[in-house]
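Below is one structure, written out as structure tokens; comments come after it.
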Amino acid sequence: MEINDIARLPIGRRDALLLTLREQLFGPRVQTQILCPKCNNDLDLAFDVDQIRVPQDREPQEEFLCCVDDYQVTFRLPTSEDLLMVVHEREPDAAKQLLLKRCLLHVLDRGTTATELPNSLVDRVIEQMALVDPQGDVQLAVTCAVCGYQWEALFDIASFVWREIGAWGKRLLREVHRLASAYGWAEDDILRMSAWRRQCYLDMVQG
Ligand SMILES: [Zn+2]
């Protein structure tokens, strides 16, 4: 699959691939921290990838119909490409309008084609988009261990994996630095070692 194909996948399909990638790179257990919005304490959060994985249909549905008030709205799901087009928009309402403009396929007002959707219905159609693509909108039920506050927190696998890969890269560079300083080996040679072998040398350097 090419990068442009991935950019045109609905967010939930993209995130399902990211969950699989994450599992292959770092294993199924996710450990992260989250800030309690009430008491501001950092809380540890741990779960398995499978707990947030939503089964995906083999043949994804491309069009969805939603009826709100007198309107019949046909839409497709937003993709990474759509999000990229609206990310510069700082005003949330304007961003939603722009996103909908890209994803609405037909709007019927009491059976007559309408050019746009009234502002009052925008949120309801966006809610519907999240409902039919639950993998793209993973909400975790969290209870604060300190103050007992309960809330739903969004878990975004894309930014999570990106942070993990950044941290892993820095950790690897630190390991190369320690082994190169201790033994004078070249970076390429150190990177070609298995992680297990590299760790054995690191233990000896530290010991
Ligand atoms: Zn709290």
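Values in this text are rule-based calculations from the coordinates and carry no lab data. Because the structure is predicted, anything quoted here is derived from the model rather than measured. As a convention, Cβ positions derive from the backbone with ideal geometry for all residues, glycine included, and neighbour counts pool all protein chains shown.
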Open item on the list: Suppose R0 equals 41 Å. What FRET efficiency, 1/(1 + (r/R0)^6) with r the Cβ-Cβ distance, do R110 and L21 give to the nearest 0.05?
Closed with: 0.35
- [ ] Over the chain, calculate the relative contact order: mean separation of alpha carbon pairs under 8 Å at least 6 apart, over the residue count, as a percent.
- [x] 19
Task: segment 2-140: C-alpha gyration tensor shape, a/c 1.5 cut-off, then a/b vs b/c - done: prolate
- [ ] Mind running the shape call on segment 133-207? Use the C-alpha gyration tensor, a ≥ b ≥ c as the square roots of the eigenvalues: rounded below 1.5 for a/c, prolate if a/b tops b/c, oblate otherwise.
- [x] prolate
Open item on the list: Between E127 and L45, what is the label-point separation in nm under the 7 Å Cα-to-beta-carbon projection?
Closed with: 2.2
Open item on the list: Report the gain in length on full extension from S120 to C67: 0.36 nm times residue separation, minus Cα-Cα distance, nm rounded to one decimal.
Closed with: 17.7 nm
- [ ] Kindly list the residues of segment 16-36 that lie in the label zone of M193, defined by a backbone N under 11 Å from the point 7 Å along the Cα-to-C-beta vector.
- [x] none
Task: Gain in span if fully extended, N4 to H88, counting 0.36 nm per residue against the direct Cα distance - done: 28.2 nm
Open item on the list: Need one word for segment 79-207: rounded, prolate or oblate. Basis is the Cα gyration tensor (sqrt eigenvalues a ≥ b ≥ c); a/c below 1.5 gives rounded, then a/b vs b/c decides.
Closed with: prolate
Task: With at most 16 neighbouring Cβ atoms within 10 Å, loop chymotrypsin sites (Phe, Trp or Tyr not before Pro) (DSSP) excluded, longest segment of the chain - done: 1-148
Open item on the list: Give the lysines whose C-alpha is closer than 25 Å to that of K38, dropping any in the same chain fewer than 8 places away, or say none.
Closed with: none
Open item on the list: If I take every Cα pair under 8 Å that is 6 or more residues apart in segment 1-99, average their sequence separation and divide by the length, what percent do I get for the relative contact order?
Closed with: 26
TODO: Using the 2.2 N^0.38 Å rule of thumb for compact globular proteins, work out how segment 1-79 stacks up: its C-alpha Rg over that value, please.
DONE: 1.51
Task: Cysteines (scope the chain) whose Cβ has no counterpart Cys Cβ under 4.7 Å - done: C66, C67, C103, C200
TODO: Let me know the charge dipole size of the chain about its Cα centre in debye, to the nearest 20, where only the beta-carbon of Lys, Arg (+1) and Asp, Glu (-1) is charged.
DONE: 800
Open item on the list: Could you compute the net charge surrounding A95? Neighbours are other residues with a C-beta less than 14 Å from the C-beta of A95; K and R count +1, D and E count -1.
Closed with: -1
